[in-house]
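Novice: Shown below is the structure under consideration.
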Protein chains: 2
Amino acid sequence: MIRLSSSFIRTLREDPADAEVASHKLLVRAGYIRRSAAGVYTWLPLGLKVLRKVEQIVREEQDAIGGQEVLFSALQPREPYEATGRWEDYGPNLFRLQDRKQDDYLLAPTHEEMFTLTVKDLFSSYKDLPTMLYQIQAKYRDEARPRAGLLRTREFLMKDAYSFDVDDEGLDASYEKQRLAYQRTFERLGLPTVICRADAGAMGGSRSEEFLHPTPVGEDTFVVSDGGYAANVEAVTTPAPPALDEAAIAALPAMHVEDTPGASTIAKLTDFSNQAFPGKGPTTDSGEWTRYEMLKHLVYLLTHPDGSTEPLVIALPGDREVDAKRLEAAVAPAIASPFTDEDFSAHPVLKKGYIGPEGLGLEAEAGICYLVDPRVVPGSSWVAGAGEKDKHVYDLVYGRDFTADGTIEAAEVRDGDPAPDGSGPMRLTRGMEMGHIFQLGRTYAEALGLKVLDENGKSVVVTMGSYGIGVTRAIAAVAELCHDEKGLCWPRQLAPADVHIVATGKDPAIFAEAERIAGALEARGLEVLYDDRPKVSPGVKFKDSELLGVPTSVVVGRGLATGVVEVRDRAGGEIREVSPEEVVDAVTAEVRGA
Amino acid sequence: MIRLSSSFIRTLREDPADAEVASHKLLVRAGYIRRSAAGVYTWLPLGLKVLRKVEQIVREEQDAIGGQEVLFSALQPREPYEATGRWEDYGPNLFRLQDRKQDDYLLAPTHEEMFTLTVKDLFSSYKDLPTMLYQIQAKYRDEARPRAGLLRTREFLMKDAYSFDVDDEGLDASYEKQRLAYQRTFERLGLPTVICRADAGAMGGSRSEEFLHPTPVGEDTFVVSDGGYAANVEAVTTPAPPALDEAAIAALPAMHVEDTPGASTIAKLTDFSNQAFPGKGPTTDSGEWTRYEMLKHLVYLLTHPDGSTEPLVIALPGDREVDAKRLEAAVAPAIASPFTDEDFSAHPVLKKGYIGPEGLGLEAEAGICYLVDPRVVPGSSWVAGAGEKDKHVYDLVYGRDFTADGTIEAAEVRDGDPAPDGSGPMRLTRGMEMGHIFQLGRTYAEALGLKVLDENGKSVVVTMGSYGIGVTRAIAAVAELCHDEKGLCWPRQLAPADVHIVATGKDPAIFAEAERIAGALEARGLEVLYDDRPKVSPGVKFKDSELLGVPTSVVVGRGLATGVVEVRDRAGGEIREVSPEEVVDAVTAEVRGA
């Protein structure tokens, strides 16, 4: 039994100054957590109880699919992370340190390397596989902007699991097991999630999905279509329009440079084109020019993890902007920053404001990487800068008049864009990443030499999956989802206690009866939080009870004289009166869902 | 049920190359742990099960005395540790790091500072106290010489508890509660411990005791007397002989310098004295000179945490050596290193080889700290170097002819030395520190401003205690205590499983019966480890079973044909045959201690 009179629990009436989102405000105000440094939190007694319950649900679902729990240190040596490139690729997000011998260490952001090495240490045969290992352990990432309480922290508890299989079919099976385990886990946590295709990013690998919890405070944007397509916006692929064959391309009008006085923006260029060349627009039935055809060229400086830089030119339809996150994912682990005036000076071939493939000299300039939006297909016709002021090229056909080094998924995704699988238009939604499952494939095993002998005695590289759930973030997500203006409303399976007993007034008989009820409920196996504070007003006690958010509370007060106590439902707000004799049975039944 | 055929468990026949002690060898060979870096270990599935059981025992005993569990991050900011001086005092033992903003952080070696600040954050009145908080959490110390597997690591799991009281009586009561909880904890873990007075060292504070587990592999030396005195050797105080009063001192012979040709060692000086001045020795009835009276002077360079240095001269009876650990504890947080030739050059007043109080010029040289052994009391008479070659001073009386800046407990403690409390001669024993309880007092609360209002509305500084148990080390200690040449022998309460079922041979009926027994035992609530490996010889299975050390095993093999299975007791080695029908009852009873 937790007695409020002697517990390390203090509630606050005011929101903490640095809190923006409800979960952050309420978890601090209700005394579940405290900040100890930017993005680093302390778990107070009630918070720790919730944390352990989330952990246990995650653990049970991992055990249910044959996961075996292990525990690695947060402190790990540099070498394995050097071997996979992550020591560098993680950039400033990695906490690095040296020991007294000046050897390099890190605080692990995840443990792919260490799991790989440990399996290599223990296993040597295909008979040892498949195996699924996991841990629930503190991870560290030096986020540039830790924010929103537990939603984005620099230390967080994570369940990270890793599967080891001898072949691709095995990996598919392991991946599917985790996918189902994740669905069950989030269902038990009470967190609706959408499984979205994800960009595998710096982790390498192939198939990758995120479990996104739709919420307005989410940092991720994802898309869903009515036909069932769902993807993180970084992972959305753009359906390419049909390309033309050589004969059809040859039949298109030849490109020609035109004077376009004053058409210094996409909008002006579109207006000008409609005035100067009405009815000639190549993509509409009416021949109207649209912003789409005005091929926009943007220049970035790519900085690679080793510090080297190179320019990157991106071309995309003029009606689209670049989405910073999609660009970030597309170029990772490199970082793209917009070209500065200084950068333009260093690359005189790139004429700021007039860049187009014609004036770009790209083919002559091997050092400049030129990537186009997937909508730029062979035979598509564009208008672009001609490399000098007030001149544009018309009828510029991709595959005939210019080519690029490849395509890039950097253009923004819009509400209504078609899903790549033909399942209809996509809707944009905000979400929070709760889990992420990856088919890593053989990247880590190759880098670290994890091989086993197959049935024929041949050495084969093991294929791996990696599966993460943010345990602390899940708590924030539940708090975000389950609260009202008065405070938290925990779902029963995560509440720090099953029942909150509130004794009000000063009558010793009331406290004696509350004590009896608390004891009887505890004897039934329920977890009891008992507000036994002797000199605190009923109003304060009720407010605290609402703030703390235990699903069921029992108020023992003035009504006792007339033979009733109140059973209150936190979420629904219902209050019913029962006799003190019945309350233990009633509450037990309610908690047990009977 | 853990099935060996598909578990992440591999045993090794050979000891790991770097292992010296049995617990290290066996925990690695049995697949409980793996090293991931110097002094950093990974917990494999069986090891983690043992770890969780130890944690749970520790947790229950903390809860039983009203401890409230919280959880702090390992990563903490510099400032609070700066305020208490520990940022510097911990020297190279502290893992320090910087974040992307170049702010300083550390990996906490313990969390006094953070608990103090959190209590300050939540509490403000004497009515809030006493409170007892604890966590079970990974600690980091950059040990110079991590060794012996889990016995001395750089990351280790620790239960650290902190008590907060308004006055000294409260602290005494909290301390006593923890002392009893520790006794119960170690009893439940099956670890005999001796409660020893301890040196409070860098933690500050007053009363301090260590729970030392006597073991030859222990790094600590402690003393016990038949009369019940027990102390860490660093904490042993030296009973001073009776001092003389001024009149008695005045009656002693005057000091005189004598030629002592060739008496360049304590032994030679003693022999010389017996030849030159027979019957004049001041401490024996016979007047024989002993090495005791030959006052030995040793010079050290003290390095303070801030990097500043100063010489330290220590005088002790010539029959004693300095004990490095006692010296270390006596000067902490400074570090003492023997004076080098260079140091002597820098301090010409200290004439190497001829140092004595006479030639020392100590009073003239305020910068040199001079400390004497506690046996050097007013009226005690000594022989010491006269500051030049082949000359010594005789009848040099402390308090008359020389004085020091104070006393120091740096001399070795010997078997047979008298206990300071008069409880008889002390015996020296090797032990391992399993727990440590401290009365911190007000040091931390003062440094960090933790005050509450007392009954009269007056602001008072809170007094604290700090209480630690090395959770991972406890596992090593149990493994060290409970093993034989064949492997580990876990006590039931810590074993990774209750029973180990071994199916031998190739007969499918045997495996079917073993499976049935394993399932039936699991249905009774027992934790079952089942060696179901199909193509492994009985010899290997028995060896693995002995190495893994589950207390009870059931062998299902050839005997099944004649209606018997074997129940084996790992520790005692007894084997009894029971029928397959009886084995589930028999094993359940054995495990439950019925």
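Novice: Can we say residue A:421 is out of contact with any helix residue (DSSP H, G or I) (no Cβ under 8 Å at 6 or more places or on another chain), on the phi > 0 side of the Ramachandran plot, of a type in the set (D, E, K, R) and in contact (Cβ under 8 Å) with a residue 40 or more places away in the chain?
Specialist: The answer is no for residue A:421.
Novice: Still on this structure, I have one more. Would you mention how many residues in the range B:137-165 are among the charged types (D, E, K, R), in contact with a Lys or Arg (Cβ under 9 Å, 6 or more places away or on another chain) and over 13 Å from residue A:100 (Cα atoms)?
Specialist: Qualifying residue count for the region: 4.
A quick yes/no check of all residues on (1) of a type in the set (Ser, Thr, Tyr); (2) in contact with a Lys or Arg (Cβ under 6 Å, 6 or more places away or on another chain); (3) farther than 23 Å from residue A:411 by Cα:
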residue	(1), (2), (3)
A:250	no, no, yes
A:254	no, no, yes
A:262	no, no, yes
A:290	yes, no, no
A:294	no, no, no
A:305	no, no, yes
A:334	no, no, no
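Novice: Follow-up question, since we're still on this one. Can residue B:91 be described as surrounded by fewer than 21 Cβ atoms within 10 Å (Cβ to Cβ) and more than 10 Å from every other protein chain (Cβ to nearest Cβ)?
Specialist: no
Novice: In the range B:582-589, is there at least one residue being open to solvent by less than 30 Å² (accessible area, probe 1.4 Å) and touching an Asp or Glu at 6+ places or on another chain (Cβ under 7 Å)?
Specialist: Looking for residues that are open to solvent by less than 30 Å² (accessible area, probe 1.4 Å) and touching an Asp or Glu at 6+ places or on another chain (Cβ under 7 Å), one finds none in the range B:582-589, hence no.
Novice: Could you tell me how many of the residues in the range A:507-535 are within 44 Å of the chain's Cα centre (by Cα) and open to solvent by 40 Å² or more (accessible area, probe 1.4 Å)?
Specialist: Final tally of qualifying residues: 6.
Novice: Now for a separate question. Could you look through the range B:152-170, keep only residues that are among the charged types (D, E, K, R) and outside any helix (DSSP H, G or I), and pick out the one that is farthest from the other protein chains (Cβ to nearest Cβ)?
Specialist: For the range B:152-170, the residue satisfying everything is B:167.
Novice: Next up: Determine which single condition residue A:78 fails, assuming it passes every other condition in (1) open to solvent by less than 10 Å² (accessible area, probe 1.4 Å); (2) more than 7 Å from chain B (Cβ to nearest Cβ).
Specialist: Of (1) open to solvent by less than 10 Å² (accessible area, probe 1.4 Å); (2) more than 7 Å from chain B (Cβ to nearest Cβ), only one is false for residue A:78: (1).
Novice: Residue check: is residue B:291 among the charged types (D, E, K, R), outside the structural domain of residue B:219 (by TED's automatic domain parsing), modelled with pLDDT of 85 or more and open to solvent by less than 50 Å² (accessible area, probe 1.4 Å)?
Specialist: Considered against the rule, which asks whether it is among the charged types (D, E, K, R), outside the structural domain of residue B:219 (by TED's automatic domain parsing), modelled with pLDDT of 85 or more and open to solvent by less than 50 Å² (accessible area, probe 1.4 Å), residue B:291 comes out as no.
Novice: Moving on. Consider the range B:95-105. How many of its residues are over 14 Å from residue A:142 (Cα atoms) and buried (at least 20 other Cβ atoms within 10 Å of the Cβ)?
Specialist: 1
Novice: Continuing with the same structure: Which of the residues spanning the range A:48-63 are free of Cβ contacts under 8 Å to residues at least 40 places away in the same chain and open to solvent by 10 Å² or more (accessible area, probe 1.4 Å)?
Specialist: Correct list: A:52, A:56, A:60, A:63.
Novice: Oh, and also: Residues of the range B:16-55 being more than 28 Å from residue A:81 (Cα to Cα) and part of a loop (DSSP other than H, G, I, E, B), which ones?
Specialist: Hits for the range B:16-55 are B:20, B:21.
Novice: So, in the range B:125-145, how many residues would count as being farther than 19 Å from residue B:468 by Cα and either of a type in the set (Asp, Glu) or at the interface with chain A (Cβ under 10 Å from one of its Cβ atoms) (or both)?
Specialist: Looking only at that region, the number is 4.
Novice: Same structure again: Kindly check whether there is at least one residue in the range A:212-224 that is buried (at least 19 other Cβ atoms within 10 Å of the Cβ), in contact with a helix residue (DSSP H, G or I) (Cβ under 6 Å, 6 or more places away or on another chain) and under 17 Å from residue A:317 (Cβ atoms).
Specialist: No: zero hits.
Novice: Sticking with this structure for a sec: Let me spell it out: the conditions are (1) on the phi > 0 side of the Ramachandran plot; (2) touching a strand residue (DSSP E or B) at 6+ places or on another chain (Cβ under 6 Å), and residue A:193 meets all of them except one. Which number is the exception?
Specialist: (1)
Novice: Is one or more of the residues making up the range A:62-72 closer than 30 Å to residue B:39 by Cα, at pLDDT 95 or above and in a helix (DSSP H, G or I)?
Specialist: Yes, the conditions are met somewhere in the range A:62-72.
Novice: While we're here: Is it the case, given these coordinates, that residue B:66 is within 10 Å of chain A (Cβ to nearest Cβ), in contact (Cβ under 8 Å) with a residue 24 or more places away in the chain and surrounded by fewer than 19 Cβ atoms within 10 Å (Cβ to Cβ)?
Specialist: Yes, satisfied.
Novice: Could you look through the range B:324-368, keep only residues that are at pLDDT below 90 and among the basic types (Lys, Arg), and pick out the one that is surrounded by the fewest Cβ atoms within 10 Å (Cβ to Cβ)?
Specialist: In this case the residue turns out to be B:352.
Novice: Provide a single number: the residues in the range B:267-280 that are touching a residue at least 40 places away in the same chain (Cβ under 8 Å) and either more than 16 Å from residue B:381 (Cα to Cα) or not assigned by TED's automatic domain parsing to the domain that holds residue B:380 (or both).
Specialist: Residues flagged as touching a residue at least 40 places away in the same chain (Cβ under 8 Å) and either more than 16 Å from residue B:381 (Cα to Cα) or not assigned by TED's automatic domain parsing to the domain that holds residue B:380 (or both) within the range B:267-280 amount to 0.
Novice: Among A:173, A:148, which is more than 12 Å from chain B (Cβ to nearest Cβ) and either more than 25 Å from residue A:447 (Cβ to Cβ) or surrounded by 22 or more Cβ atoms within 10 Å (Cβ to Cβ) (or both)?
Specialist: A:148
Novice: Still on this structure: Would you mention how many residues in the range A:312-330 are assigned to a strand (DSSP E or B) and over 30 Å from residue A:81 (Cβ atoms)?
Specialist: So the count comes out to 5.
Novice: Another question, then. Only one of (1) closer than 20 Å to residue B:51 by Cα; (2) open to solvent by 10 Å² or more (accessible area, probe 1.4 Å) fails for residue B:543. Which number is that?
Specialist: Result: residue B:543 fails condition (1) only.
Novice: Next question. Name the residue that is surrounded by the most Cβ atoms within 10 Å (Cβ to Cβ), counting only residues in the range A:4-47 that are out of contact with any strand residue (DSSP E or B) (no Cβ under 8 Å at 6 or more places or on another chain) and away from chain B (no Cβ under 12 Å).
Specialist: A:24
Novice: Could you please find all residues in the range B:401-453 being at pLDDT below 90, among the charged types (D, E, K, R) and buried (at least 18 other Cβ atoms within 10 Å of the Cβ)?
Specialist: B:401
Novice: Could I ask something else about it? I'd like to check something: does the range A:98-109 contain any residue that is under 29 Å from residue A:65 (Cβ atoms), within 10 Å of another protein chain (Cβ to nearest Cβ) and within 18 Å of the chain's Cα centre (by Cα)?
Specialist: no
Novice: Ok, one more. Conditions first: (1) within 8 Å of chain A (Cβ to nearest Cβ); (2) in contact with a helix residue (DSSP H, G or I) (Cβ under 6 Å, 6 or more places away or on another chain); (3) at pLDDT 95 or above. Residue B:116 passes all but one, so which condition is the exception?
Specialist: Unmet for residue B:116, out of (1) within 8 Å of chain A (Cβ to nearest Cβ); (2) in contact with a helix residue (DSSP H, G or I) (Cβ under 6 Å, 6 or more places away or on another chain); (3) at pLDDT 95 or above: (1).
Novice: Sort out which residues of the range A:267-288 are under 41 Å from the mean Cα position of the chain (by Cα), closer than 21 Å to residue A:402 by Cβ and open to solvent by 40 Å² or more (accessible area, probe 1.4 Å), and write them in order of number.
Specialist: Correct list: A:282, A:283.
The values are calculated or read from the model by the stated rules, or taken from the named source; none is laboratory data. Given the structure is predicted, the values throughout are model-derived calculations rather than measurements. Note: ideal-geometry Cβ built from the backbone for every residue, glycine included; neighbour counts use all protein chains shown. Calculation scope for accessible area: heavy atoms of the full protein, side chains included, ligands and nucleic acids excluded. Shrake-Rupley method; radii C 1.70, N 1.55, O 1.52, S 1.80 Å.
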